[in-house]
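Structure first, commentary second.
The values are calculated or read from the model by the stated rules, or taken from the named source; none is laboratory data. Computed from a predicted model, the values in this text were never measured in an experiment. With ideal geometry, Cβ positions are generated from the backbone for all residues, glycine too; neighbour counts draw on all protein chains shown. Side chains included, ligands, DNA and RNA excluded: accessible areas come from the protein's heavy atoms. Shrake-Rupley method; radii C 1.70, N 1.55, O 1.52, S 1.80 Å.
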Amino acid sequence: MPLKFRLVKRRDMSKDAAEGAELYYAQTSITKKVDLNRICSRISKYSTASRGDILLVLDGLLSVMNESLADGESIHLGDFGSFRMVAGSKGSSTEKDFNTSLFHRAHIVFYPGTMLTDTIRNASFEKYNIPGTESKPEEGQGSGGSDRPEIE
């Protein structure tokens, strides 16, 4: 199924753009939210495991991932991808002056594996028309506009 997008008008960020110039850019839209219970129900249709069994295994996976990332380990989940925790820091003039308060907030980096990179490579797109706006492109409101489709 194609990714939905809408057009938004934003400032032209090109190197040689005229002052005040604007262009239309595509912005992908999320049309539905799939929660953990729904995912477990969908997986159970492809296996002999029940939704509860799948939920138990995924809960265990999240616990082990949390422990592993906190211990500085990289997690590799085959064709799905890998996760690792990273954090940069501010610099200090000498090694002696460096302390852990100079670290920036840590975050988790995900690298998709072959299964997901194939999904990305084969992505298709379809224009999403918000009811009442079919005849004209959207004016850009950045990422916080109230004209977004409702997430279920």
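What the table below lists for this structure:
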item: In Hz, Karplus ³J(HN,Hα) per residue of region 118-123 (6.51, -1.76, 1.60; θ = phi - 60°; x = Gly, Pro); result: 5, 4, 5, 4, 9, 4
item: Nonlocal amide H pairs with Glu22, under 5 Å, H built at 1.01 Å; result: Asp12
item: Under-5 Å amide H pairs with Gly81, H placed in peptide plane, nonlocal only; result: Gly113
item: Förster radius 22 Å - calculated FRET efficiency between Ile39 and Phe5 (Cβ-Cβ, nearest 0.05); result: 0.35
item: Options Val8, Phe83, Leu62, ranked by Cα towards positive dipole end of region 1-110, top entry (Cβ charges); result: Val8
item: Whole-percent carbon and sulfur share, accessible surface of region 1-119, 1.4 Å; result: 55
item: About the Cα centre, charge dipole magnitude for region 1-128 (Lys/Arg +1, Asp/Glu -1 at Cβ), debye; result: 680
item: Amide H contacts of Ser29 (H built 1.01 Å from N, under 5 Å, at least 5 apart or other chain); result: Lys4, Phe5, Arg6
item: Listed candidates [x] -1.00, -1.11; [y] -0.59, -0.79; [z] -0.77, -0.95 - label of the one calculated as log10 I(q)/I(0) by the Debye sum over Cα atoms at q = 0.13, 0.15 Å⁻¹; result: [x]
item: Pair Val109, Leu62: separation of 7 Å Cα→Cβ label points (nm); result: 2.5
item: J(HN,Hα) series, region 72-81, from Karplus relation 6.51 cos²θ - 1.76 cosθ + 1.60, nearest Hz, glycine and proline x; result: x, 8, 9, 10, 10, 10, x, 5, 5, x
item: Estimated [θ] at 222 nm from DSSP helical runs (n ≥ 4, -39500 (n - 2.57)) normalised by residues in the chain, nearest 500; result: -7500 deg cm²/dmol
